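Below is one structure, written out as structure tokens, with a few remarks after it.
Readers should treat all values here as calculations from the given coordinates under stated rules, not as data from a laboratory. Quick caveat, the model's predicted, so the values are computed rather than measured. Because the Cβ atoms are built from the backbone with ideal geometry, glycine has one as well, and the counts that use them run over all protein chains shown.
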Amino acid sequence: MIKVSFAHMGYSYLGFKQLVEDMGFEVVVPASPSPATLDKGVQYAPEFACIPFKTVLGTYVEVLERGANLIITSGGVGPCRAGLYGVLQEKILRDLGYNFEMVIFDPPLTGLWSFFTKLRKILKKAKVSWPAFIDALRRAWTKLKLLDELEQLSTSIRPYEIKRGETTRIFHRCLKIADKARSLKEIEDARQECRGLLLNVQRDPERRPLKIGIIGEIYVLLEPFMNLEIEKTLGEMGAITHRSIYLAQYAKTDVLAHGTEDVRQAAYPYLNKFLGGHGQNSVGETIIYAKNGFDGVVQISPFTCIPEMVAKSILPKVSRDFGIPVLCLNIDEQTGRAGIETRLEAFTDLLRQRREKMEAKRNASLLLRC
């Protein structure tokens, strides 16, 4: 029997797992990346490959050792090296002696014929009709949207929680509920149940949390192991976070289209070219966060990521022009949680002091007018 696997990227694996199962394949579910996963990737990857490459390569080694014989992955376009990662990872794994097949899907708009040829090949292996696949895809897509919604809801609740860690505990309970939901009705029932559980977390409404936008490269943003659980950390430090990328939204705006017009327009005066990756998005999203009243922005990027390095060189000017503090964090296999937490603590302290000064200045101005 064909055993299918894929990269672990945040909580999206639950949606991909359902899609592959509904197509009739056996799924080798990738485990959440761990230091051991990263060690495997570091051992076999080129030295200057970025940490997403190394972590995904380590994940593929793990699933192949568990019996996977078909890996489905994504490609890419543009100057970003990520578009070639699947090809290079396949070569490395074959040189290591693994016998498997890899199917790499580039964004549909870069080549519709190639995309559908590969998809037809997968459907032929699964012996699934196009109508059955579309039905399965609809359910998986609905589950991906649910997962995004639950993530966003949890980040809006966590800064108010009275019992530290309760939101995270309930969120992981919700992931199990969502995993069991298969039909559209079951997914909607899971949505209602999970929203109720999260909204019942005991909160202190008197708190005034910071609002922090998180920008950067997609894999580091979506995978908690990669970003050292930055959203959980900032939430427990008293900040509502919002990522510039959620998978369902990204698939709709960037994979099935050419990105969102408002982000490109916002970035245009500072960066008017597509770099590949998310460099242009990082600049545009920072400006949008500033206009929407966010207190600060954190950029998370893999060390050596060229699009994010370009964005990082531009963000200081954006920060000055729009009056929004930006903290840039580079992640590689040497990055430690303690160092990141220390920098985040200092950043949130700075944002609170800045907000207090701005409020004091506004209050003084109002008194003078009176």
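Points worth noting:
- Averaged over residues, the count of other Cβ atoms within 10 Å places the peptides 136-143, 242-249 in the sequence 242-249, 136-143, highest first.
- Listed values for segment 217-224 are Karplus-derived 3J(HN,Hα) couplings in whole Hz (6.51 cos²θ - 1.76 cosθ + 1.60, θ = phi - 60°), namely 6, 4, 5, 5, 5, 8, 9, x, and x replaces Gly and Pro.
- Segment 211-235 residues near the modelled S32 label - backbone nitrogen below 13 Å, point 7 Å along Cα→Cβ: 223-233
- A simple charge model with +1 on the Cβ of Lys and Arg, -1 on the Cβ of Asp and Glu and nothing else charged puts the dipole of segment 209-370 at about 800 debye relative to its Cα centre.
- Taking amide H positions as modeled 1.01 Å from N, with prolines and chain starts lacking one, the residues under 5 Å from I331 and 5 or more places away or on another chain are S301, F303.
- Sorted ascending by nearby beta carbons within 10 Å, beginning with the fewest, L221, L368, L38 become L368, L38, L221.
- Sorting the Cα pairs of segment 3-128 by distance into bins of 10 Å, from 0 upward, gives 13, 44, 36, 7, 0 percent per bin.
- Footprinting exposure proxy ranking of V220, V87, V263, fewest other C-beta atoms within 10 angstrom first, gives V87, V263, V220.
- Helix 306-322 axis versus longest C-alpha principal axis of the chain: approximately 20°, rounded to the nearest ten.
- Hull shadow area, averaged, the chain [alpha-carbon convex hull, nm²]: 19.9 nm²
- In this structure the amide hydrogen of E229, modeled in the peptide plane, comes within under 5 Å of no amide hydrogen from residues 5 or more places off or on another chain.
- Measuring how big segment 105-175 is from its alpha-carbon positions, Rg and Dmax come out at 18.7, 54 Å.
- Listed residues Y289, Y160, Y270, most fluctuating in the chain (Gaussian network, C-alpha, under 10 Å): Y270
- Dipole check for segment 3-128: with +1 at the C-beta of Lys and Arg, -1 at the C-beta of Asp and Glu, and the Cα centre as origin, the magnitude is about 400 Debye.
- Across segment 1-135, the relative contact order, built from alpha-carbon pairs under 8 Å that are at least six residues apart, equals 24 percent.
- Amide H to amide H distances under 5 Å link F100 with no residue, where only residues 5 or more positions off or on other chains count and H is placed in the peptide plane.
- Remark on segment 229-358: ratio of C-alpha radius of gyration to 2.2 N^0.38 Å is 1.06.
- Order of T155, T260, T304 - criterion: other Cβ atoms within 10 Å of each residue's Cβ, fewest first: T304, T260, T155
- D (Stokes-Einstein, µm²/s), Kirkwood Cα radius, segment 129-208, 1.002 mPa s at 20 °C: 159 µm²/s
- Considering only alpha-carbon pairs that sit under 8 angstrom and 6 or more positions apart, the relative contact order computed for the chain is 16 percent.
- Rounded tilt (10° steps) of 35-44 against the dominant C-alpha axis of the chain: 60 degrees
- Positive end of the dipole of the chain (Cβ unit charges, origin at the Cα centre): among S365, L84, S282, the Cα lying farthest that way belongs to S365.
- In degrees, nearest ten, helix 51-65 long axis to first principal axis of the chain (Cα): 40 degrees
- Dipole magnitude (debye, nearest 20) for the chain, charges at Cβ of Lys, Arg, Asp, Glu: 660 debye
- Residues L367 and T304, FRET efficiency given R0 of 45 Å [Cβ-Cβ distance, rounded to 0.05]: 0.30
- For segment 73-119, the relative contact order comes to 42 percent (Cα pairs under 8 Å, sequence separation of at least 6).
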